[in-house]
Amino acid sequence: MRKFQLFFLLVLALVVLVIITGTVYAVLSGTRTQKLARQLIPDLAATQTVYNGIGRIRTKAADSDALILVNIVFPYDAADSAWRDELSDKRDQLRSAAIAFFAGQSLAELKQTNEMVLKAALRDTLNQYLVLGVVEDLYFTEFDILP
């Protein structure tokens, strides 16, 4: 019985070690969305970081049941704490504005409009809610229209 208890404790310690190692790696490497955003945004300045607080949006087009999936990110100055706080405080408003923006587009508009034009229009919509800074560049780490 003593050997069994020792073996059990050894296996338990190994499992705990694997879990701790995986958790530390995940925390240090960031989320999948952050990794995609960093890859997508060219030449991110050392003082900038990626805002991904809007998250993944799922909504339907205005004139059909087609599902729109979009994940919106943009760079901002990490040193500007007031701007960071405003983004955090207005997260829900920005998310609602982005959902309303895509829900107001027809399927034909979404398919025919250049992605850069959509990004510019969405950027302008989001900037209407912001006071302490402006979104200059906007990126979609995901943009799909599912029938």
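Observations on the model:
- Members of segment 65-89 that are touching a helix residue (DSSP H, G or I) at 6+ places or on another chain (Cβ under 9 Å) and under 30 Å from LEU146 (Cα atoms): ALA66, ILE68, VAL70, ASN71, ILE72, VAL73, PHE74, PRO75, LEU87
- Selection of first residues in segment 55-74 that are free of Cβ contacts under 8 Å to residues at least 40 places away in the same chain and of second residues that are assigned to a strand (DSSP E or B), restricted to Cβ pairs under 6 Å at least 6 apart or on distinct chains, gives the following pairs, ordered by first then second residue: ARG58/LEU69.
- Check on SER64, of a type in the set (Ser, Thr, Tyr) and either farther than 24 Å from VAL134 by Cα or part of a strand (DSSP E or B) (or both): yes
- Residue in segment 136-145 that is part of a helix (DSSP H, G or I), touching a helix residue (DSSP H, G or I) at 6+ places or on another chain (Cβ under 8 Å) and hydrophobic (A, V, I, L, M, F, W, C) present: no
- Selection from segment 67-118 of residues that are of a type in the set (Asp, Glu) and in a helix (DSSP H, G or I): ASP85, GLU86, ASP89, ASP92, GLU109, GLU115
Bear in mind that the values in this text are calculations on the coordinates, not laboratory data. Every value quoted in this text rests on a predicted model; they were computed, and no experiment measured them. Counting neighbours? That spans all protein chains shown, and the Cβs are built from the backbone with ideal geometry, glycine included.
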